[in-house]
Amino acid sequence: MDTAALDTSVGVPTAERHRYRIAGGQPLIGSVEVSGAKNSVTKLLVATLLTDEPCTLSRVPRIAEVDVVLGMLAELGAQVEWLGDHEVRIATPRISDPSLSEAYSGVNRIPILMMGPLLHRVGEAVVPLPGGCRIGKRPVDFHLAGLRAMGAEIVEHLRSVQVKTLGLRGAHVALPFPSVGATENLLLAAVRAKGTTVISNAAVEPEVIDLILFLQQMGALVDVEVDRTIVVQGVDRLHGADHTAIPDRIEVASFAAAAVATNGRVDVRGARQEHAATFLNHLRRLGGEFKVTDDGITFYRNRPLTATHVQTDVHPGYMTDWQQPLVVLLTQAQGVSVVHETIYEDRFGYTRQLNEMGANIALSTSCLGGKGCRFAARDFEHSAVVSGPTPLTGGDLEIPDLRAGFAYVMAALVANGTSTISGTRFLERGYEDPVGKLRSIGALIEILPPAVPTQSAAAAR
């Protein structure tokens, strides 16, 4: 299954809806409103399953990913009502079926997070695996090991995992890596488990803290210690709550990088400095600048761009999802930059198309950051050497994944000439109204119908 090509209203595959055509060379100037954080909102939606009472979430982005998760909840028995453009009410008085359709296998990683809430509500669950692959290929084993320690019985199948329990109990779980998803999964399981759960080496990203704050409003008892330790004292039940999601720090960085790359000036309303401090430091080092205002943060260029070295890391380090727009920005910087990716082993595949546009990006299997990482000597091309500045020329681009999507939009905005971008469904999974927001700050962007496949391409399918 195409992992992003879903008709989000019913959860079935659909064809590409449209393409973008972008004329480059135009500075971005104006103001945009940051949407709610996709990586927080989707987890908050799952958390509503922990209670049979209604919950209301605000600052919910109208994106494909949210619609998919709402479809999952509805399949389980949730009642969903939109109260406004960005406010949704979810109530799940009863779980109608604890088995989530395998049609969601490979769509995203949300189903695996539903195990804890479903175990608490009905004692069993069957959920599809992310990517539709066996456990070892992605670190879902952290999730399952933690749930086993809490008393869950787990049977792994090719495309799904079956869990059941007579009751989860507290446990001490030490994560081998501070995985955001595993931390969130354990939180969702621990808040109603019997006894105390201690999560060591936990992720402490703003999105994790946002989930904790929502759970606390629902009646959970969660303490975050200073050494990446989270202590959860289980409670018998949780109640409904109202919560406003945090703004999307990835979208903030995306528009910030685009403003600096095009030598423009963009006010990102709703941006929060404390969520982007590490990004702001790196932006300033390479020649970008920012001003914190009452409404958000304004981004612009302070001087000619110069090379810098960046290493992605867990929070509070440089976020892996900030890496892609930064690489495009570095193609316009004077000198040789190095970007060392330590979170995902295969995150630079998108650079091939940037090189076809004129960028000079070389990939390396060596650890070229300030320290070694878990990918050392494993033959993963996880370091990128970016030489610049290089003029980019417009071209035909195919978006391979969500975060590469905005990088390609940025490259098209910087390039000489016109670019056509397909695979836009990936971008629209995580960015609310990207075309409207870009147009509002001066981007010359059009929506085109999907390309008509040639006879040979249709036959190949």
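Coordinate-derived values only; no laboratory data. Keep in mind it's a predicted model, so treat the numbers as computed, not measured. Cβ sites come from the backbone with ideal geometry, for glycine too, and all protein chains shown count toward neighbours.
Remark: PHE426, PHE406 ranked as PHE426, PHE406, counting other beta-carbon atoms within 10 Å and listing the fewest first. By the beta-carbon count within 10 Å of each Cβ, the least crowded to most crowded order of THR183, THR278, THR51, fewest first, is THR278, THR51, THR183. Based on every Cα atom in the stretch 10-71, Rg and the maximum pairwise Cα distance Dmax equal 16.7, 53 Å.
The sum of -39500 (n - 2.57) across all DSSP H runs of n ≥ 4, divided by the residue count of the chain, sets its helix-only mean residue ellipticity at 222 nm to -8500 deg cm²/dmol. Just want to confirm a number: the relative contact order over the stretch 38-244, from Cα pairs under 8 angstrom separated by 6+ residues, in percent. Relative contact order comes out at 20 percent. When a/c reaches 1.5 or more, the comparison of a/b and b/c decides; with that in mind, is the stretch 253-357 rounded, prolate or oblate per its Cα gyration tensor? Judged from the Cα gyration tensor, the stretch 253-357 comes out oblate (a/c at least 1.5, b/c at or above a/b). Rounded, prolate or oblate: pick one for the stretch 180-285, where a ≥ b ≥ c are the square roots of the eigenvalues of its C-alpha gyration tensor, a/c under 1.5 means rounded, and failing that, prolate if a/b is larger than b/c, else oblate. Prolate, because a/c is 1.5 or more and a/b exceeds b/c. Taken over the stretch 45-148, the ratio of Cα radius of gyration to 2.2 N^0.38 Å equals 1.08. In terms of the Cα gyration tensor, with a ≥ b ≥ c the square roots of its eigenvalues, is the stretch 38-244 rounded because a/c is under 1.5, prolate because a/b exceeds b/c, or oblate? Rounded.
Our summary gives the stretch 167-313 a relative contact order of 17 percent, counting only alpha carbon pairs under 8 angstrom and 6 or more residues apart.
Relative contact order, whole percent, for the chain stands at 19, derived from Cα pairs under 8 Å and 6 or more residues apart. A simple packing score, the average count of other Cβ atoms within 10 Å per residue, orders the peptides 19-29, 255-265 as 255-265, 19-29, with the highest score first.
Qualifying GluC sites (Glu not before Pro) in the stretch 117-212, where qualification requires a DSSP coil assignment and no more than 10 other C-beta atoms within 10 Å, are lacking entirely.
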